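Step one of this worksheet: look at the structure below.
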Amino acid sequence: MTIPPLSLTSPSLVKAFKGTDLEDFSEHQLAQVITPFVARELERLYQEEQSIQPITRLQEDVESDQLTGQITTPTSSQLRVINELVGWESSADEWLVVPYQASNNLVDFDYRRWHRDALIGMGLTFKGRPLIFDHAWGDSEKAAAFIFESKLVTEESTTKDILNGGGFAKFNREIIKDEGYIWLYLAAAVPKDSETAEAILSRRYNDCSTGSMLRQPTLYCPNCSKEKGRMVSFYEKDKNDDYVCPHLIPSNFMFYLVSMYGIDDAEFADYAILSGEYHEAVELSNCNRGALPAASILRA
C-alpha cells in the first residue's frame, strides 16, 4: 500500500487534525488527504469511536454507602420502590435484586474517563430506566428488567484488578490519589422466573455498559488541567485564536492516523476527561464486554 506524501510538524498536526479526532471528521475530509483505502479504514475506526458519552447535572445528592453487594431478594424498602415503579403490589419472592458496578472515574479501554459531575448526572436519571442487551435502543423487546436504585460511591482505594484494568494502572493511581475511587452503583429489579434471571445466576450475563444521551459534550485534557490548575478543554483557544492545549485526543483512530504517516512527534494527552452540559441515562446493558474493565454485576 502506498501512503501519499504528507509533511506535518507536531504543531501543524494539531491545527490540521485537532477537530478531526472526534465527531467533526467526515469521510469526505479523510479522502482529501489520504488514499481511498486508508480513508475507508480510518472511517471504520472513527465509527468505533462514536460511543463517547460525556455530562453535568448537580441537583441532588445521590451519594450513599448503603449498598446491596450481592444478588438477593428485595428488602421491604426496596420492594416499596419496585412497586411504586411497576404500579402494582408484588411480593419480594417475585424479584431478584441484581447490583451492578456500572461506571467509575478510571480510564476505560477507549482512553476516556468520566468527570465526577458526569457520574452524578448519570446517577440522577437512572431510576426507572431499563436493563437491556447490547445497547439495542431501537428494540423495546430487548428490555428485560429495570433500574430502581442508583448511588454514587467514593472510596479511598480499590482492588488491584480494577486499578490495572485496561493497562492504565499508572493513570488510575494518580486519579485515585487526587479524587478517590468514584463509582456508580445501580440495582436492577429482575423478575425471578425470567430467562434473564437464570442467565444472571448462571453467570452467562455478567459484564455491563451504560447507555446515555449527552448534550454539548466537552473533553478536557488531564495534562493541561493539572499543569494550569483548572479544567482545560482540548478545544479551548486563547486571544490569538490558538489552542491552549497542545495535545491531541488519544484514540485508536488518531494513533492509526499518525502511524500511517510516520509522524513521530505527535503529542497525545494521557487520556480524555468527559463532561458536558446535560447528561441523561437511557439504559444499562448486559454485554460481553463494556468500555470500563470493572463494569459488571456485584457478586459476593
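Between TYR278 and THR56, ARG215, the built amide H atoms are under 5 Å apart, and every one of these is 5 or more places off in sequence or on another chain.
Counting 0.36 nm for each residue step from ARG230 to ASP93 and taking away their Cα separation leaves a gain of 44.3 nm. When the residues PHE268, PHE234 are ordered by accessible surface, computed with a 1.4 Å probe over the protein chains alone, the sequence from largest down reads PHE268, PHE234. Bridging of LYS177 to lysines at a Cα separation below 23 Å is possible for LYS151, LYS160, LYS226, LYS228, once same-chain residues fewer than 8 apart are set aside. Tally Lys and Arg at +1 and Asp and Glu at -1 over the other residues with C-beta under 10 Å from the C-beta of THR210: what net charge comes out? It works out to a net charge of 0.
Here the calculated FRET efficiency for ARG299 and ALA143, from their Cβ-Cβ distance with R0 = 30 Å, stands at 0.85, rounded to the nearest 0.05. Between amide H atoms placed 1.01 Å from N, distances below 5 Å from TYR181 occur with GLU155, GLU156, SER157, all of them 5 or more places distant or on a separate chain. LEU85 to ASP264: FRET efficiency via 1/(1 + (r/R0)^6), r the Cβ-Cβ distance, R0 51 Å, to the nearest 0.05? Given R0 = 51 Å and the Cβ-Cβ separation, E is 0.40.
Remark on the stretch 198-300: Rg and Dmax equal 18.4, 61 Å (Cα only). When nucleic acids and ligands are ignored and a 1.4 Å probe is applied, VAL153 ends up with an accessible area of around 10 Å². With both labels modelled 7 Å from their Cα along Cα-to-Cβ, the ARG215 to VAL244 distance reads 2.4 nm.
For the residues SER251, SER76, a 1.4 Å probe over the protein chains yields an accessible-area ranking, largest first, of SER76, SER251.
The values are calculated or read from the model by the stated rules, or taken from the named source; none is laboratory data. The structure presented is a predicted model; accordingly, all values stated were derived computationally and were not measured. All Cβ positions, even for glycine, are placed from backbone atoms using ideal geometry, and neighbour counts span all protein chains on display. Ligands, DNA and RNA are stripped out before the accessible areas are found, and what is left, the full protein with its side chains, is counted by its heavy atoms. Shrake-Rupley method; radii C 1.70, N 1.55, O 1.52, S 1.80 Å.
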